[in-house]
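Here's the structure, in structure tokens; my notes come after.
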Amino acid sequence: MGRHDIADFIADRPPSYRPEEGATGVAAIAGTDAFIMQADGKAWLFAPAGLVDGPLPAHYEPQDSPVQNLLYPGRSTIRSGRSSATVTPGTSRAATSQARTCTLRATTYRLTEHHTAGGMSRWLPYLSELQPEFFCEVSPELAAERGLEHMGWATIISARSAIEARVMVTRRMPSLTVQGKRLHQIGLPYHWGRNGITTGDSANELSHFSLDPNVHIQEVKALAVDIQPGRRPRGPALRELVRSYAERAGITEETGTEV
């Protein structure tokens, strides 16, 4: 790109800088006020305008959470006085009933060697050589429970779809204890797709359409899933596998679309 990253503060202003009395505009921002997107250069905990879910941040469990929200029991969506701040289009099949069949939680993340969904980096030979194949990270405990072999294949299933990935057994992905319950995690880099030098299934195929209220980014950090050893089925057999999970969980086209 040919340009250095732009730091989130005035580049030539030392931390010791203090504005003179009566200073206005950029000159009124102290050297320690790094938040240049705010008029006063300071981070806002109380945001009286500009956020659908403002003015104060509050914790809400993700739609696929296996536990109740202790702060707001019985509510999985964020609601303001004007509207529901979690947007869930009618095609969503996500619901807490998935916990009956999809007891694990997958989270997506980035790799240094690829960019966003991989549409640009998967075509570059040197980056594809550094990260040549889609993989999932699982703990040694989860691998032993499910019969997963390091460098072997695994099928990860949600109520939306099923994908396959190479298995990476690592202690970087430990189980969690959440509200007294043991919860296994599965790590999924989301850079792969059908085209490019390196190809593979897309982690985002497992996700639902619960969107954040401000910029409408989908929720992909806590997805209810199951995992099985081996490669995923193809064609009608893949649809049947996903349908069987949805049926066992009691999930229909309308599940998760309640307002």
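The values are calculated or read from the model by the stated rules, or taken from the named source; none is laboratory data. From a predicted model like this one, the values you see are computed outputs, not experimental measurements. Cβ sites come from the backbone with ideal geometry, for glycine too, and all protein chains shown count toward neighbours. Surface accessibility is based on the protein's heavy atoms, side chains included, excluding ligands, DNA and RNA. Shrake-Rupley method; radii C 1.70, N 1.55, O 1.52, S 1.80 Å.
Looking at R3, R79, which one is at pLDDT below 75 and either open to solvent by less than 70 Å² (accessible area, probe 1.4 Å) or within 22 Å of the chain's Cα centre (by Cα) (or both)? Steps first, answer last, please.
On the way: R3 fails: either open to solvent by less than 70 Å² (accessible area, probe 1.4 Å) or within 22 Å of the chain's Cα centre (by Cα) (or both).
The conditions single out R79.
How about the range 16-43: which of its residues are hydrophobic (A, V, I, L, M, F, W, C), in a loop (DSSP other than H, G, I, E, B) and exposed (fewer than 14 other Cβ atoms within 10 Å of the Cβ)? Even if it seems obvious, please write down each step before you answer.
We begin by selecting, within the range 16-43, every residue hydrophobic (A, V, I, L, M, F, W, C); these are 23, 26-30, 34-37, 39, 43.
Within this subset, residues satisfying the condition of being in a loop (DSSP other than H, G, I, E, B) are 23, 29-30, 34-37, 39, 43.
Answer for the range 16-43, where residues must be hydrophobic (A, V, I, L, M, F, W, C), in a loop (DSSP other than H, G, I, E, B) and exposed (fewer than 14 other Cβ atoms within 10 Å of the Cβ): A23, M37, A39, A43.
Before we move on, is T177 closer than 25 Å to L211 by Cβ, modelled with pLDDT under 95 and surrounded by fewer than 18 Cβ atoms within 10 Å (Cβ to Cβ)? Break it down into steps so the answer makes sense when it comes.
On the way: closer than 25 Å to L211 by Cβ: no; modelled with pLDDT under 95: yes; surrounded by fewer than 18 Cβ atoms within 10 Å (Cβ to Cβ): yes.
Answer is no for this residue.
Checking E149, E164 one by one, the residue that is over 20 Å from the mean Cα position of the chain (by Cα), among the charged types (D, E, K, R) and over 14 Å from T107 (Cα atoms) is E149 and no other.
Criterion applied to R110, R105, R122, R13 was being within 26 Å of S161 (Cβ to Cβ), open to solvent by 40 Å² or more (accessible area, probe 1.4 Å) and modelled with pLDDT of 70 or more, and the one residue passing it is R110. Residues in the range 125-157 that are in contact with a strand residue (DSSP E or B) (Cβ under 8 Å, 6 or more places away or on another chain) and either open to solvent by less than 10 Å² (accessible area, probe 1.4 Å) or among the small types (G, A, S) (or both): 13 in all.
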